[in-house]
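Here is the structure we will look at, set down as structure tokens.
Coordinate-derived values only; no laboratory data. Given the structure is predicted, the values throughout are model-derived calculations rather than measurements. Here Cβ is always computed from backbone atoms with ideal geometry, including for glycine, and neighbour counts include all displayed protein chains.
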Amino acid sequence: MTEIGFYHLQTTPLEHALPKLLERSLAAGFRVLVVAGSAERVVHLDAVLWTYDDASFLPHGRSGDGQPERQPILLGEREENANGADMLVLTDGAGSSRLAEYRRCLDLFDGGDESAVAAARERWQAAKAAGHTLTYWQQTVTGWTKKA
């Protein structure tokens, strides 16, 4: 079953947390598919990944830009695994009916939005019922703390 990590954003927004998590994912050898809530959000996250740190580079592309199989990180609004990802990153409350196709999944949700927290709890329950291995990570000022 897929190992799913729920990441409760509390001290920084997605735009600050996502690049660091993607850096770690690439360093661990994963190919990543990031699913965002809309086409506009994909464009925004694409810009964030190009500009978040002048000293860093995250090789990535957007779904529909051509040659997705060459992208270690692919951004899209739908779960089309065109880059052969073995890690799925869900943002903006996106869910997946194909979790078992990935080795790992990160579900990032905004702790300042009660509806996002409630939706994450529902996704947790569904993943637990499906038999996936779950972990819960809470963001603090010093980094991520594993809570469950």
| What net charge do the residues around Glu3 carry, taking every other residue with its C-beta under 10 Å from that of Glu3, with Lys and Arg at +1 and Asp and Glu at -1? | +2
| message | Suppose a student asked you for the relative contact order of the range 10-105, using Cα pairs under 8 Å spaced at least 6 residues apart; what percent would you report? | response | 33 percent
| query | Which trypsin sites (Lys or Arg not before Pro) in the range 82-119 pass both tests, a DSSP loop state and at most 16 other beta-carbon atoms within 10 Å? | reply | Arg98, Arg103
| note | Taking the chain and counting helices only, DSSP H stretches of n ≥ 4 at -39,500 (n - 2.57) each over all residues, the nearest-500 ellipticity at 222 nm comes to -9500 deg cm²/dmol
| query | Lys128: which aspartates and glutamates have alpha carbons under 12 Å from its alpha carbon, excluding same-chain residues fewer than 8 sequence positions away? | reply | Glu3
| said: Rounded to the nearest 5, what % of DSSP beta bridges with both residues in the chain are antiparallel? | reply: 15 percent
| message | So I have (1) 18.1; (2) 18.5; (3) 15.4, and one of them is Kirkwood radius over Cα pairs in Å calculated from this model. Which one is it? | response | (3)
| request: Under a cut-off of 17 Å between alpha-carbon atoms, report the lysines in cross-link reach of Lys20, not counting same-chain residues fewer than 8 places apart. | output: Lys146
| message | Just want the ordering: Tyr136, Tyr102, from fewest to most Cβ atoms lying within 10 Å of their own Cβ. | response | Tyr136, Tyr102
| Per-residue Cβ neighbour rank within 10 angstrom, fewest leading, Phe57, Phe6 | Phe57, Phe6
| query | Quick one: Lys146, Lys20, Lys128, fewest Cβ neighbours within 10 Å first, how do they rank? | reply | Lys146, Lys128, Lys20
| How far apart, in nm, are two points set 7 Å out from the Cα along the Cα-to-Cβ line at Thr12 and at Phe57? | 2.2 nm
